[in-house]
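Everything on this sheet refers to the single structure shown next.
A short reminder: the numbers here are calculations on the coordinates, not readings from a lab. The structure displayed is predicted, hence computed values, not measured ones. Note that each Cβ is placed from the backbone with ideal geometry, even for glycine, and that neighbours are counted across all protein chains shown.
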Amino acid sequence: MKISAIKGFADILPGEIETWQFVEEKARAVFALYNFSEVRIPIVEKTELFSRSLGETTDIVEKEMYTFADQDGKGALLTLRPEGTAGVVRAYVEAELYQTEPVRKLFYLGPMFRRERPQKGRLRQFYQIGAEALGRGDPFVDAEVLLLLRDFFSLVGLDGVILELNSLGCVQCRPRYRKDLLAFLKEREDKLCPNCRRRMERNPLRVLDCKEEACREATRGAPSILDYLCQDCRDHFETVQQLLRDSGVDYKLNPRMVRGLDYYCRTTFEWTSDRLGSQNAVAAGGRYDGLVEDLGGPPTPGIGFAMGVERLVLLLGAKESRQAPRPDLYVACVGSAARSWVIPAVHKLRQKGISVEMDGEERSLKSQMRRADKLKAQFVLIMGDEEIKTGKGILRHMDTKEQLEVSLRGLEEALLARKVSH
Ligand code: ATP
Ligand code: MG
């Protein structure tokens, strides 16, 4: 019986996985440069963690979460995490990480789950690489987080990504904006999609985030949040921008970018690429100064982002240089004596750090050589009864075609001397 994977849930196979590993390696490198530590948090959390932190009227909480009742008799509702920030903040609060060191720079990588319509660049299980800087409310850390992303994109060789920047203000200044925006929307209520009409009162900002053409059209002349910022938010935002300019990072202000989630305030951002079609955001994030307290911790500001790995990999494409390393040696065996020799001999070489592939079936020498070629092995050793008897074999360099006789006992030295690549 053939069973297929669920729609929106993808396998990542050899040929593509190398790009994923490349991306993860560069992410780890850049996080180390900026002094972020890795955290691993559970994939399943209590549903209330997400409904509470992301907000009840968000797309994620309204319709996209994979939620189920635990079978433990108590029927607690559990959810496959749709994003990472809530879990990281929960962990920070639960472990009281702030007791020993209130400023924590944390990163994570792993799968997230949202029941969205699967399409190019949008899956139901997708991977994010994300980071949270907790405990600092100053604009310098906002700039650092943005510079970290800029450096990461350079490190993976991704060009053509654009930084869009906005400020959502704070509890002081946003209510006034909210009120004016709501009044503006009410005048155009009949032009909005049913979804926006329904949640407009509870969350008018979200209308600006709606992807429906009608809503975009109707809100074209909407008031800009940037005209409503209080002095503190204005100063904060101005400093972030100044630091970006001083560091040579281009950005574009986008006052319509409100981000989907309730916890954001002040600086919000998205890095987009024009090569991704409509799912064009590669990374996104922002500041969330109330979230730690909301989840039971002490008042603690925070800022973070998440990057979509599938979209990054799509942009980077497959590259020969990122393919799996070729084996150092391929051992072709003919005859039973060679076959008994090969396993312990290969085992010893592998213990010395030499990567070896070999053939266990009794295939012809020709087909074994074809396989060595296909694997792009650096060297091939052909072993037959004769070689076992004399204790000598021929080592063939597959690129230069150079052949040299080696003693089987000195095989390891011969290979290491020729600098097999590890
Ligand atoms: P979008 O507007 O593209 O739906 P979002 O605002 O919902 O993005 P976030 O929740 O901020 O996205 O997640 C950060 C990043 O994770 C996105 O910029 C994107 O690269 C990636 N991402 C989000 N949802 C998906 C998905 N369903 N499939 C693949 N990648 C995703
Ligand atoms: Mg989304």
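A few remarks follow.
- Directionally averaged shadow of segment 329-421, computed from the convex hull of its alpha-carbon atoms, nm²: 5.3
- Ellipsoid semi-axes in whole angstrom, largest first, where each is sqrt(5λ) of the Cα gyration tensor of segment 168-294: 25, 19, 14
- Using a 4.7 Å Cβ-Cβ cutoff, the cysteines of the chain lacking any partner cysteine are Cys170, Cys193, Cys196, Cys233, Cys265, Cys333.
- Relative protection proxy for 355-366, 96-107, from highest mean packing down: 96-107, 355-366 (other beta-carbon atoms within 10 angstrom).
- Two-site FRET efficiency, Asp385 against Arg326, from Cβ-Cβ distance with R₀ of 30 Å, rounded to 0.05: 0.60
- Kirkwood hydrodynamic radius over Cα pairs of segment 122-213, then Stokes diffusion coefficient at 25 °C and 0.890 mPa s, in µm²/s: 146
- Centre-to-centre, using Cα atoms only, segment 363-405 and segment 218-276 are separated by 62 Å.
- Take the Cα of Leu13, go 7 Å toward its beta carbon, and none of the backbone nitrogen atoms of segment 328-360 fall under 20 Å from that spot.
- Sequence of Ile3, Ile129 once ranked by neighbouring C-beta atoms within 10 Å, starting from the fewest: Ile3, Ile129
- Of Lys120/Lys211; Lys374/Lys401; Lys2/Lys376; Lys26/Lys401, pairs whose Cα-Cα distance is over 26 Å: Lys2/Lys376; Lys26/Lys401
- For segment 6-53 versus segment 134-192, the gap between their alpha-carbon centres in whole angstrom: 23
- Convex hull volume of the chain per residue (C-alpha atoms, cubic angstrom): 212
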